[in-house]
Structure formats: structure tokens, C-alpha cells
Amino acid sequence: MDLKNTMTYRGDVTVGGAPAVRELDQLTITKVAVGPMENNAYLLRCRSTGEQALIDAANEAPRLLDLVGDAGLATVVTTHQHMDHWVALEEVVAKTGARALAHVDDAAGLPIPTQPLTDGDTVTVGDCTLEVIHLVGHTPGSIALLYRDPAGSPHLFTGDSLFPGGVGNTDRDPERFGSLIDDVEQKLFARLPDETWFYPGHGRDSTIGAERPSLPQWRTRGW
């Protein structure tokens, strides 16, 4: 486990505030909050090649473009089709020439042509690889992105499917909730170790281990 980064990085960001930066052995993660709905956006940079990818061009395109800087942007991945996660997508792609990716079941809901992803696909950021995990319920095509750090613990970008304290909003629909809690339990908690750090679409980060004891409570309450 990357204890040094765990001690220094907390991921506490605010709209208009400074980004939070985490340096892994092969990947740099920069987290920023953008308004007006306090969305998190994550810029990933491969430390060996300098290639960059953005997870959720949520809003405030000029700020995201400043974050990208002169290094360029190869890819933008949208975690799901809700508008607060892609307001800046069109402008960011137009200014950088980045390819846009999203799950096939949500891609049609985005404002620009988007290359489709499916469960088990991989997204590369230079020499680093992210696994696409399809989590059905918040939207039909919601995804998480898993980076297995060769030198430390896994890192998981969960969009709006998993937060500290529960799964994403399913509008109290029992079928959607059942699908999401099942996917989160089987595809995330059953597969990943407690030290897995996850980065949600809004708010603070957490770990799989910190949330694991609450799974039965989440299922019982139904949201």
C-alpha cells in the first residue's frame, strides 16, 4: 500500500479551490471540484509518457483546460450520461482533440459522438491501464474505472455509482436499486481488497474497507 500518498493525500477539494494531487509510482491523479453541482473531475497522467486522460469533463471547461495545460489530452471518459458530468465535454474535446469514451448504453445521451465501451474493456493512459466495470442502476451505462497500481493498492473511479455511505441514486426504484447494489457488491466489494481507494463523482473519497461493513445496512434500507 502506498502509505506515503495515503498519509498526504485526502482528496478534499472544493469548487474554486486548489486541486488535490496524488503521485503514484506510474500515475499522477489530480482531483478538482467544479460548480455548480460540486462535481469531481480527475486528470490522470502517465508519469513515463506524459499522456493524459480526463474522467468526467463535468463543467468549467476553461478550468479543466488549464489543468490539462500544454501536455495535451488523449482521452475523456464519461462515467455516465447525466448532464452534470459532461457540460464541458464538447468544449474540452474540441480544444484538445481528445477521443471521447463512454459505455455503449449511455453514449447516445452525450452531446458529441462517443466511442463505446463495454464491461471488461480497457482504457490506456500511456503505459497505465484502466479496466472498465459496468454498474447498472444509477443509469443504464454507468461505469467505474479500475487502476491496479503495480506498486501499491488499487484505485477505483466510481462516478455516481458508489459513494462513502452508499450506492448512487436510483430514485427509490427497487429494480434499479437491486441491480446497482448487486453490481457494486459483486463487481467491486467481492473482487477488491479493503485498501482499494475509491474516487466518486461528488464529494470525498473513501476505501472499500471503510465501506464494506455497511453493505448489509445499505441493502436493508433500499437506497
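The values are calculated or read from the model by the stated rules, or taken from the named source; none is laboratory data. Note that the coordinates shown come from a computational prediction; the quantities given were computed from them, not determined experimentally. Positions of Cβ are backbone-derived with ideal geometry, glycine not excepted, and every protein chain shown enters the neighbour counts.
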Being at pLDDT 95 or above, more than 19 Å from Gln52 (Cβ to Cβ) and surrounded by fewer than 20 Cβ atoms within 10 Å (Cβ to Cβ) narrows it down to one of Thr158, Thr118, Thr139, so name that one. Thr118
Based on this model, can you work out whether Asp183 counts as of a type in the set (D, E, K, R) and surrounded by 17 or more Cβ atoms within 10 Å (Cβ to Cβ)? yes
Report every pair of residues separated by at least 6 positions or lying on different chains whose Cβ atoms are under 7 Å apart, first residue within the stretch 173-190 and part of a helix (DSSP H, G or I), second among the hydroxyl-bearing types (Ser, Thr, Tyr). Arg176/Thr170; Phe177/Thr170; Leu180/Ser161; Leu180/Thr170; Val184/Ser161
If the requirement is being closer than 20 Å to His134 by Cβ, free of Cβ contacts under 8 Å to residues at least 24 places away in the same chain and within 16 Å of the chain's Cα centre (by Cα), which of these qualifies: Thr118, Thr79, Thr75, Thr28? Thr118
Any residue at all in the stretch 154-172 that is farther than 23 Å from Glu38 by Cβ and in a loop (DSSP other than H, G, I, E, B)? no
I'd like to check something: does the stretch 21-30 contain any residue that is surrounded by fewer than 24 Cβ atoms within 10 Å (Cβ to Cβ), among the basic types (Lys, Arg) and outside any loop (DSSP other than H, G, I, E, B)? yes
Output the residue which, of all residues in the stretch 191-223 that are part of a strand (DSSP E or B) and touching a Ser or Thr at 6+ places or on another chain (Cβ under 9 Å), is surrounded by the fewest Cβ atoms within 10 Å (Cβ to Cβ). Thr207
Residues that are in contact with a Cys (Cβ under 9 Å, 6 or more places away or on another chain) and farther than 20 Å from Asp12 by Cα: list the strands (runs of 3 or more DSSP E) wholly contained in the stretch 32-107 that include at least 2 such residues. 52-55
